[in-house]
1. Of (1) touching a residue at least 60 places away in the same chain (Cβ under 8 Å); (2) in contact with a strand residue (DSSP E or B) (Cβ under 9 Å, 6 or more places away or on another chain), residue 115 satisfies all except one. Which?
2. Go through the stretch 91-111 and give me each residue that's of a type outside the set (Val, Ile, Thr) and assigned to a helix (DSSP H, G or I).
3. Give the number of residues within the stretch 22-43 that are surrounded by fewer than 16 Cβ atoms within 10 Å (Cβ to Cβ) and either in a loop (DSSP other than H, G, I, E, B) or hydroxyl-bearing (Ser, Thr, Tyr) (or both).
4. All but one of (1) in contact with a Ser or Thr (Cβ under 8 Å, 6 or more places away or on another chain); (2) crowded, with 22+ Cβ neighbours inside 10 Å hold for residue 167, so report the exception by its number.
5. When the stretch 243-254 is examined, which residues are found to be out of contact with any Phe, Trp or Tyr (no Cβ under 8 Å at 6 or more places or on another chain) and surrounded by 21 or more Cβ atoms within 10 Å (Cβ to Cβ)?
6. Output the residues belonging to the stretch 47-78 that are of a type in the set (Val, Ile, Thr), at pLDDT 95 or above and more than 15 Å from residue 151 (Cβ to Cβ).
7. Within the stretch 215-232, is even one residue part of a loop (DSSP other than H, G, I, E, B) and surrounded by fewer than 17 Cβ atoms within 10 Å (Cβ to Cβ)?
8. Restricted to the stretch 195-235, and to residues that are of a type in the set (D, E, K, R) and at pLDDT below 95, which residue is nearest to residue 155 (Cα to Cα)?
Amino acid sequence: MPKVAPIDERKSDHIRINLDEDVRSGVTTGLERYRFVHEALPEISLADVDLSLPLFKKHLRAPILISSMTGGTEEAGEINARLAEAAQETGIAMGLGSQRAAIENPNQTPTYSIARKMASDALLFANLGAVQLNYGYGIDECKRAVDMLEADALILHINPLQEAVQEGGDTNFAGLAKKIEEICKKLEVPVIAKEVGWGISERTANLLADCGVDVIDVAGAGGTSWSQVEMHRAPDEFTRQLAATFVDWGINTADSILNIKKAAPDMTVFASGGLKNGLDIAKSIAMGTTLGGMTSPFLKAAMVSTEKVVKTIELVKRQIQVAMFVAGIDKSEGLSGKINQHP
């Protein structure tokens with residue numbers, strides 16, 4: 001049996017591949033089908049457009065999430081420090097990458113905990129793979145992940161396709177919903193169920209709602225395809241071809257949002273998966289989400305400096321503000337329903 005790469009090596013590979021290779025999904029987000037009605041007389045001042053909102057007992061200055069990226073290596077720790085410092089300065093939320101590396105090797109803890117040191121007040125989300133609940137993890141590991149960051153919520157990410165095309169992937173997803181339900185009942189912070197780039201069906205939305213999750217992050221198809229990432233990591237031609245097969249797989253971001261709103265109308269929803277800018281975030285909020293998450297623009301900025309991340313966030317914030325201004329909307333909650341589908 002081939003030797004499976006250590007977690008820290010996989011983390012380094014993931015950063016490098018996301019920066020250097022074309023790992024885009026063959027699917028579009030679906031958000032391009034939607035448009036706001038332009039108001040030539042918006043009757044509001046741009047200066048009065050308010051992006052702030054409360055979430056999980058904290059106050060965000062904008063509905064932006066730095067989506068989960070990385071951790072578990074020295075480079076990842078530096079990236080997390082810059083992202084967290086920028087999140088603190090700009091008043092937005094941040095999710096950490098999977099903390100399994102630190103659960104299994106406590107020496108890696110600082111690459112994650114640096115986020116709270118740099119962002120004392122920010123809304124931070126811990127992160128573990130849900131499938132690990134079928135491989136020995138339970139409430140103790142979930143609490144360790146949360147405590148590591150003094151996190152405000154825990155993301156349980158779900159990634160069956162990535163595991164299925166990854167050498168040595170963890171592919172036993174049998175009975176996982178019941179174990180997610182147990183974590184939701186026992187954990188003292190909210191639980192966020194997050195796909196990693198292939199979206200959410202109505203069936204899955206129903207299952208997760210029944211589990212008692214507080215939020216579903218759609219992470220729809222249309223952005224980074226982790227099957228493409230795994231294709232670039234593949235140790236042999238068989239695995240490479242297997243991963244390459246699924247470039248067009250998944251439910252796009254827009255349809256995933258609609259699936260959740262239909263199956264679980266009261267569920268809090270985060271949008272991610274190919275969101276490119278603040279206009280995409282504004283569209284997702286108009287479709288019923290609370291936050292819009294982005295990865296690639298922030299990762300690229302974090303490779304430069306904290307200041308670059310801050311500038312990127314400020315641009316995204318202004319894009320949302322301008323979209324709201326020319327749609328005649330002065331508060332982000334007013335976006336709901338203010339969008340039309342175009343052929």
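The values are calculated or read from the model by the stated rules, or taken from the named source; none is laboratory data. Since the structure is predicted, the reported quantities are computational estimates derived from the model, not experimental observations. Note that each Cβ is placed from the backbone with ideal geometry, even for glycine, and that neighbours are counted across all protein chains shown.
1. Every listed condition holds for residue 115 apart from (1).
2. Result: 100, 101, 102, 104, 106, 107, 108, 110.
3. 8
4. With (1) in contact with a Ser or Thr (Cβ under 8 Å, 6 or more places away or on another chain); (2) crowded, with 22+ Cβ neighbours inside 10 Å applied to residue 167, the lone miss is (2).
5. The answer is 243, 246, 252, 253.
6. Within the stretch 47-78, 49, 64 qualify.
7. no
8. That would be 230.
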